[in-house]
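Below is one structure, written out as structure tokens; the observations come after it.
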Amino acid sequence: MKTITRYIDVHKQIKESNSNFLKSLPVFFVSLIGIIIKQNEINRILSVYADYEGVEFLPKIISELNIKVEIEGIENLPENGKCFFVANHPFGFIDGLILTNTIASRYGDFRAIGNEVFTKIPHIRPIVAAVNVFGTNPRKYLLELEKIFASDLPITHFPAGLVSRMKGCRIEDRDWQKSFITKAIEHQRNIVPVFFYGRNSRLFYIVYFGRKILGIKTNLELVFLPREIFNKENKTVRVKIGKPIPYYTFDNSKTHIEWAQSVNQQVYNLKN
């Protein structure tokens with residue numbers, strides 16, 4: 001029997017976090033969080049596939065969770081993969097898993113710009129270009145990113161940085177960051193828009209609204225993202241890929257931040 005490694009350890013990660021609020025939580029409550037997010041099940045799956053990494057690991061998890069992926073517009077993936085493949089971010093992990101697996105299946109090697117927390121999972125560490133979504137990026141992150149931007153590798157990216165939240169009655173990303181526009185122009189990378197249909201569980205949004213009402217700044221809902229992985233088990237996830245947007249589209253008629261929101265809107269228009 002394969003030994004189960006504790007890749008995810010809520011007690012340890014909260015203890016090492018920068019949040020005084022999380023550190024103040026009672027031990028029993030932290031243990032409850034571990035149960036809610038299915039920490040043991042995640043560690044079991046990661047242990048089963050401990051010998052797989054990068055592009056070989058991605059389809060194993062999709063298969064393990066028995067997720068059926070329906071992709072519309074697969075013919076819009078260009079011959080040359082030197083592009084930014086940008087998408088809305090409704091799920092937190094499953095959308096990243098499906099996006100990266102789709103690009104890996106088409107082009108082979110690639111890099112995914114992602115939260116530095118993913119580098120703690122050795123299975124995907126080789127394909128992640130780490131960023132600190134909550135603060136300043138260290139110099140080593142910036143240097144590695146610049147190397148990747150200048151390469152011919154396909155790059156997947158969720159420009160919102162954070163998972164979609166409720167906006168009125170809709171689930172939408174916050175405003176997109178402009179860096180992918182700047183780098184697309186600088187390195188002549190076309191942009192391929194990708195739209196994911198779907199949303200997280202009600203619990204995720206209830207926690208989000210609850211902490212907003214209570215004035216808690218810590219993103220408590222993010223703790224529940226691992227649990228959301230299993231909400232897609234045995235289900236179908238629909239994806240739509242739009243036509244590539246040439247990098248020279250982004251002229252001086254708009255600022256880079258305005259162009260970023262324009263691409264964001266084009267992504268959401270795909271659902272229609």
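The table below gives the values:
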quantity	calculated
Subset of region 143-184 (residues that are part of a loop (DSSP other than H, G, I, E, B) and either small (Gly, Ala, Ser) or without any contact (Cβ under 8 Å) to a residue 60 or more places away in the chain (or both))	Ser151, Ala160, Gly161, Ser164, Gly168, Cys169, Arg174
Filter result for Ile206 (of a type outside the set (Phe, Trp, Tyr) and either in contact with a helix residue (DSSP H, G or I) (Cβ under 8 Å, 6 or more places away or on another chain) or under 15 Å from Asp95 (Cα atoms) (or both))	no
Check on Leu65, in contact with an Asp or Glu (Cβ under 7 Å, 6 or more places away or on another chain) and within 17 Å of Ile8 (Cβ to Cβ)	yes
Residue match in region 207-229 (condition: of a type in the set (D, E, K, R) and over 25 Å from Phe134 (Cβ atoms))	no
Within region 26-106, helices (runs of 4 or more DSSP H) holding 3 or more residues that are within 17 Å of Ile124 (Cβ to Cβ) and without any contact (Cβ under 8 Å) to a residue 24 or more places away in the chain	57-64
Residues that are of a type in the set (S, T, N, Q) and assigned to a loop (DSSP other than H, G, I, E, B), drawn from region 239-256	Asn252, Ser253, Thr255
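Residue-wise test of (1) in the same structural domain as Thr218 (by TED's automatic domain parsing); (2) farther than 19 Å from Leu222 by Cβ.
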{"position": "Ile42", "(1), (2)": "no, no"}
{"position": "Ile98", "(1), (2)": "yes, yes"}
{"position": "Ile121", "(1), (2)": "yes, no"}
{"position": "Phe134", "(1), (2)": "yes, no"}
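Every residue, every condition in (1) polar (S, T, N, Q); (2) surrounded by fewer than 18 Cβ atoms within 10 Å (Cβ to Cβ); (3) modelled with pLDDT of 90 or more; (4) in a helix (DSSP H, G or I), yes or no:
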position: Gln188; (1), (2), (3), (4): yes, yes, yes, no
position: Pro193; (1), (2), (3), (4): no, no, yes, no
position: Asn200; (1), (2), (3), (4): yes, no, yes, no
position: Ile206; (1), (2), (3), (4): no, yes, yes, yes
position: Phe209; (1), (2), (3), (4): no, yes, no, yes
position: Thr218; (1), (2), (3), (4): yes, yes, no, no
position: Glu221; (1), (2), (3), (4): no, no, no, yes
position: Glu233; (1), (2), (3), (4): no, yes, yes, no
position: Val237; (1), (2), (3), (4): no, no, yes, no
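The values are calculated or read from the model by the stated rules, or taken from the named source; none is laboratory data. None of the values given here were measured: they were computed from a predicted structure. Cβ atoms come from the backbone with ideal geometry, glycine included; neighbour counts cover every protein chain shown.
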